[in-house]
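Just below is one structure, and these are the notes that go with it.
The values are calculated or read from the model by the stated rules, or taken from the named source; none is laboratory data. This one's a predicted model, so the numbers in the text were calculated from it and none came from an experiment. Methodologically, a virtual Cβ is constructed for each residue, glycine included, from the backbone with ideal geometry; neighbour enumeration extends over all protein chains shown. For the accessible areas, the whole protein counts, side chains as well, though only heavy atoms, and no ligand, DNA or RNA atoms are used. Shrake-Rupley method; radii C 1.70, N 1.55, O 1.52, S 1.80 Å.
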Amino acid sequence: MKHQFTAVRTEVSDDVMVEKITSMGKLELVKYSMKDVIEKKQVHTLLPDERVLFVAVGEVTACIDLTKIRKQDITRTEGHDTIIVNMPKPEICYVKLDHQRSKVYDISGIMLPSTSKAMVEDIYKVAEKRLLDNAREMDVLGKARQNAQIIFKPLLENISGKTVILQFK
């Protein structure tokens, strides 16, 4: 009898609805995994400065959208021994902040809980933008171009049996 009163049963229910199905044609060519320490300060003249120290962990992935390649983007040389493919420009596929590994390390000078919440929410937005900016500074799109030559070009050459030249629009 005692077991019946102390036993706990957990029930979880859910209703999943598919909002949208999207066909993908993006070839991911490079992923930069990064860690960044970000400090955001709001400086006041009389009150103490409000400060948030955040360690952001995330990744930025660059890709080429293969659905943008049209028939006219693929040409053969006169001897038909070389194929030239005009590829779309590499693009940033996504920037993803890892919420499990990212942490707010310090909050100081904040007196109101609502201000603390707002600053923490804002630091997450700042962190995503910083990840993207850092990846651009490190030329993630250039690396995607290089990797297309290393990864995608040999695939096309093996399939076609011809020399392939990849050019970017």
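Against the conditions (1) assigned to a strand (DSSP E or B); (2) under 24 Å from residue 162 (Cβ atoms); (3) open to solvent by 70 Å² or more (accessible area, probe 1.4 Å), residue 64 satisfies every one except (3).
Restricted to the range 127-165, and to residues there that are of a type in the set (Val, Ile, Thr) and touching a strand residue (DSSP E or B) at 6+ places or on another chain (Cβ under 6 Å), the residue that is farthest from residue 79 (Cα to Cα) is 140.
Scanning the range 89-144 for residues that are modelled with pLDDT under 95, open to solvent by less than 50 Å² (accessible area, probe 1.4 Å) and part of a loop (DSSP other than H, G, I, E, B) returns 98, 102, 109, 110.
Taking into account only those residues within the range 22-34 that are open to solvent by 70 Å² or more (accessible area, probe 1.4 Å) and part of a strand (DSSP E or B), which is farthest from residue 90 (Cα to Cα)?
Initial filter on the range 22-34 (open to solvent by 70 Å² or more (accessible area, probe 1.4 Å)): 22-24, 26, 28, 31, 33.
Then keep just the ones that are part of a strand (DSSP E or B); that gives 26, 28, 31, 33.
Values: 26: 10, 28: 9, 31: 13, 33: 18 Å.
Result: 33.
Can you say whether residue 18 is exposed (fewer than 15 other Cβ atoms within 10 Å of the Cβ), out of contact with any Cys (no Cβ under 7 Å at 6 or more places or on another chain), aliphatic (A, V, I, L, M) and assigned to a loop (DSSP other than H, G, I, E, B), as far as the supplied structure shows? Criteria met by residue 18. Would you mind stating whether residue 165 is of a type in the set (Val, Ile, Thr) and either within 24 Å of residue 57 (Cα to Cα) or in a helix (DSSP H, G or I) (or both)? Taking the combined requirement at face value, the residue does not satisfy it. Residues considered: 37, 55. Of these, the only one that is among the aliphatic types (A, V, I, L, M), open to solvent by 70 Å² or more (accessible area, probe 1.4 Å) and in a strand (DSSP E or B) is 37. Could you check the range 8-28 and list, in sequence order, the residues that are in contact with a strand residue (DSSP E or B) (Cβ under 6 Å, 6 or more places away or on another chain) and of a type in the set (A, V, I, L, M, F, W, C)? Correct list: 27 only.
What about residue 80, is it outside any helix (DSSP H, G or I) and touching a residue at least 60 places away in the same chain (Cβ under 8 Å)? Full working, then the answer.
Values: outside any helix (DSSP H, G or I): yes; touching a residue at least 60 places away in the same chain (Cβ under 8 Å): yes.
In short, yes.
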